[in-house]
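K.L.:
Got a structure for you, questions after.
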Ligand SMILES: *[C@@H]1O[C@H](CO)[C@@H](O)[C@H](O)[C@H]1NC(C)=O
């Protein structure tokens with residue numbers, strides 16, 4: 001199987017996992033979530049916690065807290081593992097990103113629209129100062145993902 005096909009399969013798998021997160025009307029769609037996840041970690045669902053981030057979206061405790069501390073399995077948001085259990089779960093982590101985007105939604109690049117590019121910047125740079133440049137690795141992965149998805153969609 002060609003490398004490109006494997007890559008598109010990986011994106012599809014990610015979108016399927018994240019699809020359940022974005023079933024209702026939301027400000028950020030599953031393609032955008034998938035490409036942010038891809039940009040952050042190649043959407044590695046087993047990445048675990050490293051330094052001050054956890055999970056495929058590499059979410060910090062402060063980000064998760066600003067996102068309203070969503071949890072899985074009815075875990076108390078203030079319990080010791082509320083943060084790590086949520087951020088390592090694709091659906092809960094997606095929910096955290098979604099909440100964060102709702103809270104900090106803004107036109108980071110000043111192009112007159114609030115779209116996936118703005119969400120990608122808000123995710124990487126936070127709700128304050130999202131007009132700063134993105135690091136090249138994240139930006140390149142994110143751009144390639146959006147481009148590949150748009151080709152898939154025809
Ligand atoms: C995901 O991250 C884990 C932990 O860093 C690593 O061992 C594993 O190789 C990664 N998986 C992929 C597909 O890169």
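Throughout, read-outs are computed from the coordinates displayed, never taken from laboratory work. Every value quoted in this text rests on a predicted model; they were computed, and no experiment measured them. Cβ atoms come from the backbone with ideal geometry, glycine included; neighbour counts cover every protein chain shown.
K.L.:
What is the fewest-to-most order of 37, 116, 145 by other Cβ atoms lying within 10 Å of their Cβ?
P.N.:
116, 145, 37
K.L.:
So for 91, 97, fewest C-beta neighbours within 10 Å to most, what's the order?
P.N.:
The order, fewest Cβ neighbours first, is 91, 97.
K.L.:
Where does each of 60, 87, 46, 71 land when they are ranked from fewest to most other beta-carbon atoms within 10 angstrom?
P.N.:
Ordered by Cβ neighbours within 10 Å, fewest first: 46, 60, 71, 87.
K.L.:
On to the next question. Distance between Cα centroids, region 80-154 to region 60-77: provide it in whole Å.
P.N.:
Value for the Cα centre distance between the two parts: 17 Å.
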